[in-house]
1. Residue check: is residue A:132 buried (at least 22 other Cβ atoms within 10 Å of the Cβ) and over 22 Å from residue A:234 (Cα atoms)?
2. Taking the condition out of contact with any Lys or Arg (no Cβ under 6 Å at 6 or more places or on another chain), touching a residue at least 24 places away in the same chain (Cβ under 8 Å), crowded, with 17+ Cβ neighbours inside 10 Å and in a helix (DSSP H, G or I), does residue A:330 pass?
3. Can we say residue B:188 is within 14 Å of another protein chain (Cβ to nearest Cβ), over 19 Å from residue B:120 (Cα atoms) and of a type in the set (D, E, K, R)?
4. Search the stretch A:243-255 for residues that are assigned to a helix (DSSP H, G or I) and pair each with any residue that is buried (at least 19 other Cβ atoms within 10 Å of the Cβ) and small (Gly, Ala, Ser) when their beta-carbon atoms are under 6 Å apart and the residues are at least 6 apart or on different chains.
5. So which of A:327, A:290, A:312, A:276 ends up being touching a Cys at 6+ places or on another chain (Cβ under 7 Å) and more than 14 Å from chain B (Cβ to nearest Cβ)?
6. Among residues belonging to the stretch B:14-64 that are surrounded by fewer than 17 Cβ atoms within 10 Å (Cβ to Cβ) and of a type in the set (A, V, I, L, M), point out the one that is farthest from the other protein chains (Cβ to nearest Cβ).
7. May I ask you to verify whether residue B:148 is polar (S, T, N, Q), within 14 Å of chain A (Cβ to nearest Cβ) and touching a helix residue (DSSP H, G or I) at 6+ places or on another chain (Cβ under 7 Å)?
8. If I ask for residues that are touching a Gly at 6+ places or on another chain (Cβ under 8 Å) and among the basic types (Lys, Arg), which ones from the stretch A:111-140 would you list?
Amino acid sequence: MSSNTSLQRVFTTLSHKETDKVPLFLIVTMHGAKELGMSIKEYFSKASNVVKGQLLMHEKYRTDCVNTMFYLAVEVEAYGGEIIYYTDGPPNLLKPIIRKKEDIKRLTSPDVKESKPLEKVINAIGGLKDELQDSAPIIALVVSPFSIPVMQMGFDKYIELIYEDKELFTTLMEINQEFCINYSNAQLEAGATMICYVDPVSSPTIISRELYLETGFKIAKETISKINGPVGIHLASGRALPIIDDVAQTGTLVLGTSSLEDLSELKNACRNKITLLGNLNGNTMPNWTLEQTETIVKDAIAKAGPGGGFILADHHETPFQVPENVLLAISNAVEKWGNYPLEWVE
Amino acid sequence: MSEIKNYIKDFEKALLQINRIRIEEIINQVKEQFQPIQIIDDLISPALQNIGNKWDKGIVGLAQIYMAARICEDFLDKLISFKEIKRKDQVKIAIAVLEDYHGLGKTIIQMLLHTSGYEIIDYGIGISIEDLITHIKKDNIEILLISTLMLRSALKIKNLKEKINEIGLNTKIIVGGAPFIFDRELWKTVGADYYGRNASEAIQLISQIIGGQSR
């Protein structure tokens with residue numbers, strides 16, 4: 001029988017010690033709409049909906065955190081972007097807010113306190129803090145200054161900016177960094193326990209390690225140093241192995257990893273440096289049988305659980321298509337196989 | 001006279017380093033010895049294909065693929081007019097991002113197909129199933145390339161394929177994008193005819209489908 005609170009469990013894990021049970025983070029967001037019988041658009045229209053949804057899911061799936069990610073594009077919405085809602089997937093940005101690179105010279109970061117989209121998120125954090133107090137971590141999200149331009153200007157134009165216009169790239173990073181720090185600290189002040197710094201462009205899936213060291217790495221290190229609380233980096237299902245030693249020097253405590261890479265190799269690379277988060281494949285999850293689910297979870301725990309420093313999670317936001325019974329099966333498998341000291345692991 | 005394939009390794013390295021100066025040097029060297037068509041078929045296309053395969057193995061980043069394709073397209077436009085490399089009697093090929101606004105994959109494939117002499121009709125991003133059916137019917141599209149980033153969009157391909165079959169069109173669908181990388185069976189589940197792991201594979205599939213059309 002688990003005796004620790006989720007908060008205790010997670011913080012012991014972050015110090016690379018074995019706790020009572022492998023912590024479980026499910027990156028469920030839209031599933032809250034299913035819980036409340038609402039459309040995704042209606043669900044994300046009010047902070048109170050997200051508070052109710054996250055609490056219901058935290059209890060139902062026995063997860064060790066709640067998260068306050070409405071949708072990744074909420075930050076660009078704060079910059080003036082328009083959101084498109086779907087009935088079966090995450091809300092997206094309709095079109096870039098930077099149409100030509102010269103627009104960067106006129107771009108200003110939004111005032112976090114005055115932004116309606118961000119107000120919802122801040123209120124959701126406050127609501128969750130009132131309910132949970134210190135029983136479970138509240139994970140708030142920011143998109144890194146280095147990755148948010150994919151939404152701000154389109155991926156192709158942003159890649160060209162990185163390689164071909166260092167001056168405007170630097171200007172954009174300064175604007176985005178100021179916003180990222182302010183938004184992160186506002187979320188921590190509202191009651192968030194930890195910031196998840198989403199940074200897929202830093203992944204070797206997108207850029208070479210050489211370019212990462214000149215760009216994303218420096219930006220992460222500088223930004224994280226000014227965030228007034230613990231930070232975890234997430235590469236949103238991008239590869240990580242070639243840059244793990246570098247990421248460990250940014251100040252992050254956690255690294256969110258991809259199903260594309262072997263969990264044993266990831267654990268070896270992260271051991272005693274950063275806590276490994278991952279790496280269940282959310283894309284195949286909708287089709288998992290209950291037996292498969294237990295096998296996959298057991299296998300993940302065997303590979304990465306021993307010694308602590310591991311949080312079981314999916315490798316990206318949980319797709320809306322994943323059925324409840326699979327999420328329950330993941331939770332049940334953690335209850336069955338995740339109790340330390342993991343004597344069954346050879 | 002050296003063989004053009006001796007330049008591939010150097011050219012590929014310069015592309016991955018985004019070294020425009022070195023790329024231009026190599027292009028100028030080979031221009032003196034080889035015909036433009038040969039430069040495309042035996043230098044540019046193989047180099048881009050190698051780079052694409054390296055991405056699949058996690059050795060290079062997507063940004064390098066994009067820039068390599070962009071630079072090759074820029075040089076191609078200066079080297080030769082598209083009319084001269086365009087494939088003769090080409091079947092109608094179109095590309096789209098279905099109900100999704102993430103267009104990078106589509107852009108990369110378009111550039112690579114262009115450098116290989118294929119003319120592609122671009123139906124854009126965020127297009128609905130209904131609009132796509134209207135377009136492919138009107139344009140008599142025989143091969144439709146669909147790129148998606150989101151799982152929900154990938155799943156819609158099943159509805160698209162059903163409508164194509166209902167109407168009796170003979171359009172073959174090649175799919176690509178992140179959902180298909182993470183779930184290697186997904187292309188079959190949604191009823192696609194083919195799956196391209198990367199842009200280079202998409203080109204090989206097109207060639208396979210149409211039986212290697214010449215220019």
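1. Yes.
2. Against the criterion (out of contact with any Lys or Arg (no Cβ under 6 Å at 6 or more places or on another chain), touching a residue at least 24 places away in the same chain (Cβ under 8 Å), crowded, with 17+ Cβ neighbours inside 10 Å and in a helix (DSSP H, G or I)), residue A:330 qualifies.
3. Considered against the rule, which asks whether it is within 14 Å of another protein chain (Cβ to nearest Cβ), over 19 Å from residue B:120 (Cα atoms) and of a type in the set (D, E, K, R), residue B:188 comes out as yes.
4. Going by the 6 Å Cβ cut-off, the qualifying pairs are A:244/A:269.
5. Of the residues listed, the single one that is touching a Cys at 6+ places or on another chain (Cβ under 7 Å) and more than 14 Å from chain B (Cβ to nearest Cβ) is A:276.
6. B:37
7. So residue B:148 passes the test.
8. Within the stretch A:111-140, A:129 is the sole residue that qualifies.
The values are calculated or read from the model by the stated rules, or taken from the named source; none is laboratory data. What you see is a predicted model; the values in this text were computed from it and never measured. Backbone-built Cβ (ideal geometry, glycine too); neighbour counts: all protein chains shown.
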